[in-house]
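Asks: Below is a structure I'd like to ask you about.
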Amino acid sequence: MKLETAARDIVLRALKAYELDWTKVEYIKQSDSITFKVETETAGKLLLRIHGERCNRSEILSELEWLSHLSQKAKLVVPVGLPNSSGRYILEAGNEAGNEPYGGAQELNYITLMRWVEGEHASGNLTDEQLHAVGVMLARMHEAGEQFVPSAEFTRPAWGAESFRKEWDKLEKHLSALVLEAGWKLYQAAAARIPGELEAMTPDPGSYGLIHGDLHFGNVVFADGQPRAIDFGLCGYGFYLYDLAAALLELSTEQRRSLIRGYSSVRALEPDYERKLECFFVKIMIGNYSHHISNPDELPSLREEQPYALAYLKEYLADSRFLFKRIEPVQVE
């Protein structure tokens, strides 16, 4: 069965199971889950997610548990899970006969319904005020992580040296499509260094806990000038600096300073945070390429980024501080 047909059938069954008086269903995107915006007569706007086999039931329920904590205890505006009339927060997608995996890809296993987070993505250049507010929001999220007491069944992935090795294994198979041999060697040298630096970091309650895991600005919306984080599908255990590095990745040097000032106005950063932050910065950059490299439609834009990516790799390998200085693109022959 094709993806579109399978997803459509599952959505229709889910709308019935949740007893929604829906007026409009809008497809959003496909990633590790397929997401839809649902507009209703009485329940407002909702987010419907169809989860594939990459997410197991316990991990999905744990994500909802974490989001409930952020909403109720930390008073952050996040997408919280909603139950059906029987009180269930996760439904079976119902892989019936004929609803086999589409195109050899993953099965569609579970359904969750969430409150829609109102807001708009930033348009144009982010202002200092917006960046400062994002830093404050992220720090509050990490403060909530320190206070969170998970249930006995709670399980989420960890984002560290082991997860990086898996990302690198995938990217290395495709690296020749991205860069020439000299650039390849820079990637290999960085990939050899990163796990050791991560394993040398000591996790403690002030530096390590539950993180968003994918906090780029596509996962931040603004309402009344205030940022709201969305899409917690990759939330898990990791160093808080991981989230901070993900937010800094697409910013200019001065924008990075503004976000850091916002974060540090709530939570103090450790004295040697900059080098660790740069390690996570390069780790996430490589991880992003690993995620996108197998999509041929994205290869042209990934190649265009390489002069800057290679410049960051050279700075990292030279032990040069680079996050807060202007980096010139390089061509590696």
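Throughout, read-outs are computed from the coordinates displayed, never taken from laboratory work. Predicted model only: the values in this text are computed from it and were never measured. Please note: Cβ atoms are built from the backbone with ideal geometry, for glycine as well, and neighbour counts cover all protein chains shown.
Asks: Any idea which of Ala144, Tyr289, Tyr237 is furthest toward the positive side of the dipole for the stretch 128-318, if Lys and Arg beta-carbons carry +1 and Asp and Glu beta-carbons -1?
Replies: Farthest along the dipole direction, towards plus: Tyr289.
Asks: Can you work out ³J(HN,Hα) from phi for every residue in the stretch 206-221, in order, using Karplus 6.51 cos²θ - 1.76 cosθ + 1.60 and θ = phi - 60°, giving whole Hz and x for Gly and Pro?
Replies: Rounded to whole hertz, the list is x, 10, 9, x, 6, 10, 5, x, 7, 8, 8, 7, x, 10, 10, 10.
Asks: Once phi is turned into θ = phi - 60°, what whole-Hz ³J(HN,Hα) does the Karplus curve with 6.51, -1.76 and 1.60 give for every residue of the stretch 59-64, x standing for Gly and Pro?
Replies: 5, 5, 4, 5, 4, 5
Asks: Calculated from DSSP H runs of 4 or more alone, at -39500 (n - 2.57) each and per residue, what is the 222 nm mean residue ellipticity of the chain, nearest 500?
Replies: The helix contribution divided over the chain gives -14500 deg cm²/dmol.
Asks: Using Cα extents along the principal axes in Å as the read-out, say which of (1) 59, 44, 41; (2) 94, 55, 41; (3) 80, 54, 35 was calculated from these coordinates.
Replies: (1)
Asks: Turning to a different aspect of this structure: Could you give the dipole magnitude of the stretch 1-115 about its Cα centre, charging the beta-carbon of Lys and Arg +1 and that of Asp and Glu -1, in debye to the nearest 20?
Replies: Here the stretch 1-115 has a charge dipole of around 400 debye.
Asks: Based on Cβ point charges of +1 for Lys and Arg and -1 for Asp and Glu, what charge dipole magnitude is obtained for the chain about its Cα centre, in debye rounded to the nearest 20?
Replies: I would put it at about 260 debye.
Asks: If amide H atoms are built 1.01 Å from N in the plane of the peptide, which residues on other chains or at least 5 residues away come under 5 Å of the amide H of Val78?
Replies: Amide H to amide H, under 5 Å and 5 or more residues apart or across chains, Val78 pairs with nothing.
Asks: For Lys73 and Ala182, what is the calculated FRET efficiency with R₀ set at 45 Å and r taken between the beta-carbons, to the nearest 0.05?
Replies: In this case the efficiency is close to 0.35.
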